[in-house]
Structure formats: structure tokens, C-alpha cells
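Colleague: My questions will all concern the structure given below.
The values are calculated or read from the model by the stated rules, or taken from the named source; none is laboratory data. Everything quoted here is computed from the prediction, not taken from an experiment. Glycine also receives a Cβ, built like all others from the backbone with ideal geometry; neighbour counts cover every protein chain displayed.
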Amino acid sequence: MTSFQTRRTALYAGLALVAAFTALLALRSASAPEAARAASHREAPLIALDPTADISDFFFFRSYEPGKADKVDLIMNVIPGEEPSSGPNYWNFDPSVTYALNVDNDRDGVANDVRFEFHFQNEIRGIVRDAKLPLSYVGGITGVPPITDFDSVGFGLRQHYTVTMFHGKEHKGQVLASGLVAAPSNVGPRTMPNYDSLAAQGIYDLGNGMKVFAGQRDDPFYIDLGATFDSLNFRRTPPILSTVEDSNDNINPYGVDQLSGFNVHSIALEVPASLLTSDGQGADATAQPKLGAYAETERPKVTVASEKDPAKDREHGKDVQVQRLANPLVNEAIIGTIDKDLWNRLDPENESRFLDYYETPRLALALQLATGVPAAVSNRDDLVNLLLKYAPTDQRLSELLRLDVSVPPTPLASQRRMTALATPADPAGWPNGRRPKDDVTDIAVRVVGGINYIAARASDGVNTNDVALPSQFPFIASPHDGRNRVHGN
């Protein structure tokens, strides 16, 4: 009998970024405990052992695709650090994991007003099943044509999934679609000669202005990962001065993007804003224009494994949350290691339990010790207000990624990676939701560090993703293929 312990972990959740936007001049320095960590994709001990349930990023924004400003997009990325050449099984969603997107639309801090669940199921088929081949995907060889669609005979391991929407505390929910097929991993040009065309078949219209995509994508997160976790050993310090302006940087000035060339698995959902807002008015909402949301993964409390046939494994007990993610970098860089697994297990509305980590951010102290530049290390009510509240007067603390749907989207070409810290400012980016282009690492370092780090334009030296981001759904670039990708960084 195999027991799946509850794995707790959450990825990036808001290090302390958004906070300083309204309190830049109020930042002060002092002393604080414990060192902290910064961004990565394996932010807590238990979730690092469970990659298919590990959420690497969560995006939540008004669509900037031309003509789609009335839509809101929610994107969950999982399985961080996918090496493109990892055959013969490559990467897939986990049929035993529930992937969920949760929305709060009445500002009570409890994200149970609208919920979307995604469940996957594996199918072994075609020539892979009939010939008992050791490969999941085969094509472009004698007798087996390339994989050009989801019914191709060489598409051997095919994942079907169901999308279910819940309102409030209803238990049954509404099945929006079932039998959808996830786009496969990008094996290479012989097997999948036109991967973009193949993956595009995985974009499904769910009706009523909704659409969905599930499948492999490029990892859109960019960071000098090695320098960050080498005790904040940035490649320019002190004061980590960036030589590039905070606008639309098209180059990486001096950092090394160690996530370059790696893939993730994405679940992207687009819905009318009116489906999420409490008054049904969408971008015209007047009563409650702000939404809060987070992504989570769950596993059955117990799985009983069959001795002879894995297909006969049985799952028992209530599903248990093993990871959550709202704002980027929270679990990695704010929450202490001793509490990371617990943090993943608890819902966002229980964040008061971790209040000390926001009031005295350990990352600020770590920056000060590593660079010698004074940082704002205590009395950070600004971080509490901006990461855990809709308004400073709120009593309930809840760690949600908040989006004001009344703020118009910024077209991709005009987006500022530094969002509210850019000149001119771009109010449609983090902390007002989060888009793939937003440079959450630099924003977090500056805001958590305080006024000295903002003035010095503190940076990890990586300002853009390794491949261009698309301006249309699903907004994440096509994945690197397994044959030709070389990790040059």
C-alpha cells in the first residue's frame, strides 16, 4: 500500500513586490531574522519531490489579444524544468492530480466563488499499443507517417481531460467539456514536423466565450537562478545597478537565464470577465471590479497500488491540497523553510498564520547582508496591505493574486516588464494580476529591498524570456523540441 503524503509547496507567490508601489518613501531599514530564498520552481521540500503537482507559475490578466479585452485569462504552469529530450515517456499531466483554478469575486478573501477543475486520463493507442513499442510517440519512418493530428497512428500516449466549473459551494459542478486532448510534448521534427500546427488543434472552444488549452509550452519564467540561490550572488553588486532602462528591454544585459531551453506543461483558460465578477458586468463592473485568484493542485489522501496491474490502482479519501500559488515568489522568498510545506497545505485565507514573514521579510535582510546596501527589513505594513488585502482597512488576510478588471489591458508590444515601477508606468501588470512578460524577479528585489534598491534599479540581469511571447491565446510560446534544443544559456 502506497500513501501519498500531502505535499506542501507553492511557488512564487508575491515575495514582497507589490507592496512598495504605494509606500516607496516610507520604507525603512532595521534588523530581521532568518535568511530567505528567491525564485525557482521547487520552492518547498515536499513539492520538490512531486513535479507533476508542482505549480511553476500562475498568470491572471485581462486578455491583450486584439478584440478580446472583455476576456480574462488564467494560466497554470506545472512540471518545472522539463528537459525537452527526456524520452521515451516525455512529460504528461498526472491523472491522479486535480488541477484547479479558484476565484474570489466578493472580496471576502475566500476563493470559492468560481472554481475550474481539470482531470486527465491516459490512453495507450495506435501502433504504440498494437506493436507494443517502447516509445510514446513515433512517426516519419517507413510505414508510420508523421504525427500531424491527434488521431495520428503514431500518437501513442494520448491524454484526455475534462473541464468542470463550480459556483459557490455546489458539489457537482457543470462539466464544460470532456474528452478533450492535451497537446503532446514536442518530440522533434521527424516525428512532429509541424508542431505548432499540431498543438493549435489543442485549443478548444467551450462555448459562451470560453476556450481552453492544455499541453506543453516553453517555460516563460526568466531569472538568473544560479546567482540568486548562491546566497544572492548577483553578477553586479553592490548596488546591483542595471545598465538597461526599465522599459521594453530586448536583451539580457549581464545575467544568465538558467531556465532558457526548458519547457513546462500549461493549462490555459479564457473566460468572459462577466463570468467571474460578482455583478456579471465584467470590465464594466462597478460594485466589485477586483478579483482574487490562486491555482492549486490536489492529490487523493491515500492511493492503494495493485500488485499486478497499475490500471487497477485505487484512490481513497478526500483530495488534499499539495500546492498553491497566487503571487509569484511568496513561498520561495518570504516563507521560512520550516513552514513551506505547511504553507502549501493551507488555503490562502489562513495567511494570518504567516503574518510575521510579511512584516519582517527575511529576503530584505538577506539582500542587505549580501550587498552591504541598507534594506527595509521590518515594519512592512505596506507588504501586508498589498499582498494580503484588497484594501488597507480589510481585516481578513488572504494571499491571492488580485486583478482589477476595470483597468484596460496593455497590448503586448507596449507592455512594460517593470509594470508599476516603469516610466511610464504600466498599471495592467503585476501586482494587478500577472502577465508572462512581467519581470517579477526584478520587481520583487526592488520592492522588498526598499528605496535604495529601487533607486539603483536592482536586477538579476535577465530582462526577457529566451523566446518571444505570442500576443494571442494561450499566450505562452511553443515548446523547445527534443532533438535540436541545446542549453547554451
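Colleague: Which members of region 442-489 meet the condition of being under 14 Å from ASP257 (Cβ atoms), out of contact with any Ser or Thr (no Cβ under 6 Å at 6 or more places or on another chain) and among the hydroxyl-bearing types (Ser, Thr, Tyr)?
Modeller: Passing the criteria: only THR464.
Colleague: Among SER152, SER178, SER185, which is the only one that is surrounded by fewer than 14 Cβ atoms within 10 Å (Cβ to Cβ), among the hydroxyl-bearing types (Ser, Thr, Tyr) and modelled with pLDDT of 95 or more? Write out each step before concluding.
Modeller: Working: SER152 fails: surrounded by fewer than 14 Cβ atoms within 10 Å (Cβ to Cβ); SER185 fails: surrounded by fewer than 14 Cβ atoms within 10 Å (Cβ to Cβ).
Exactly one residue qualifies, and that residue is SER178.
To keep it simple, each residue is scored yes or no on (1) modelled with pLDDT under 95; (2) within 22 Å of the chain's Cα centre (by Cα); (3) surrounded by fewer than 20 Cβ atoms within 10 Å (Cβ to Cβ).
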| residue | (1), (2), (3) |
| --- | --- |
| ALA370 | yes, no, yes |
| ALA376 | no, no, no |
| ASP381 | no, no, yes |
| LEU388 | no, yes, no |
| PRO392 | no, no, yes |
| LEU397 | no, yes, no |
| LEU400 | no, yes, no |
| VAL405 | no, yes, no |
| PRO411 | no, yes, yes |
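Colleague: Scan region 385-408 and give yes if some residue there is touching a residue at least 12 places away in the same chain (Cβ under 8 Å), more than 28 Å from ILE451 (Cα to Cα), part of a helix (DSSP H, G or I) and among the hydrophobic types (A, V, I, L, M, F, W, C), otherwise no.
Modeller: No, there is no match, as no residue in region 385-408 is touching a residue at least 12 places away in the same chain (Cβ under 8 Å), more than 28 Å from ILE451 (Cα to Cα), part of a helix (DSSP H, G or I) and among the hydrophobic types (A, V, I, L, M, F, W, C).
Colleague: Here are some conditions: (1) touching a residue at least 24 places away in the same chain (Cβ under 8 Å); (2) closer than 17 Å to GLU270 by Cα; (3) in contact with a Ser or Thr (Cβ under 6 Å, 6 or more places away or on another chain). TYR137 meets all but one. Which one does it not meet?
Modeller: (2)
Colleague: Let me ask something else about it. Pairs please, first residue from region 438-460 and on the phi > 0 side of the Ramachandran plot, second anywhere and of a type in the set (Asp, Glu) and outside any helix (DSSP H, G or I), Cβ atoms under 8 Å, 6+ apart in sequence or on different chains.
Modeller: From region 438-460, the pairs are ARG457/ASP246.
Colleague: Among the residues of region 124-151, write down those that are hydrophobic (A, V, I, L, M, F, W, C) and out of contact with any helix residue (DSSP H, G or I) (no Cβ under 7 Å at 6 or more places or on another chain). Talk me through it step by step, then tell me what you get.
Modeller: To start, the set of residues in region 124-151 that are hydrophobic (A, V, I, L, M, F, W, C) comprises 124, 127-128, 131, 133, 135, 138, 141, 144, 147, 150.
Hits for region 124-151 are ILE124, ILE127, VAL128, ALA131, ILE141, PHE150.
Colleague: Exactly one condition in (1) touching a residue at least 40 places away in the same chain (Cβ under 8 Å); (2) under 23 Å from THR52 (Cα atoms) is not met by ARG125; state its number.
Modeller: With respect to (1) touching a residue at least 40 places away in the same chain (Cβ under 8 Å); (2) under 23 Å from THR52 (Cα atoms), ARG125 is out only on (1).
Colleague: Could I ask something else about it? Restricting to region 217-233, count the residues that are crowded, with 23+ Cβ neighbours inside 10 Å and assigned to a loop (DSSP other than H, G, I, E, B).
Modeller: Of the residues in region 217-233, 6 are crowded, with 23+ Cβ neighbours inside 10 Å and assigned to a loop (DSSP other than H, G, I, E, B).
Colleague: Among the residues of region 64-89, write down those that are under 13 Å from PRO474 (Cα atoms) and either of a type in the set (Ser, Thr, Tyr) or part of a loop (DSSP other than H, G, I, E, B) (or both). Steps first, please.
Modeller: Looking only at region 64-89, we keep the residues that are under 13 Å from PRO474 (Cα atoms), and these are 64-65, 68, 71-77.
Correct list: TYR64, GLU65, LYS68.
Colleague: Further question: Looking for whichever is assigned to a strand (DSSP E or B), at pLDDT 90 or above and of a type in the set (A, V, I, L, M, F, W, C) here; the options are VAL302, VAL320. Which one fits? Full working, then the answer.
Modeller: Details: VAL302 fails: at pLDDT 90 or above.
After ruling out the rest, the residue left standing is VAL320.
Colleague: If I go through region 454-489 residue by residue, how many of them are more than 18 Å from the chain's Cα centre (by Cα) and under 14 Å from ASN186 (Cα atoms)?
Modeller: Matching residues across region 454-489 total 6.
Colleague: In the set LEU367, LEU355, which member is assigned to a helix (DSSP H, G or I) and under 18 Å from LEU225 (Cα atoms)? Break it down into steps so the answer makes sense when it comes.
Modeller: Numbers: LEU355 fails: under 18 Å from LEU225 (Cα atoms).
Step by step, each of LEU367, LEU355 is checked, and only LEU367 is assigned to a helix (DSSP H, G or I) and under 18 Å from LEU225 (Cα atoms).
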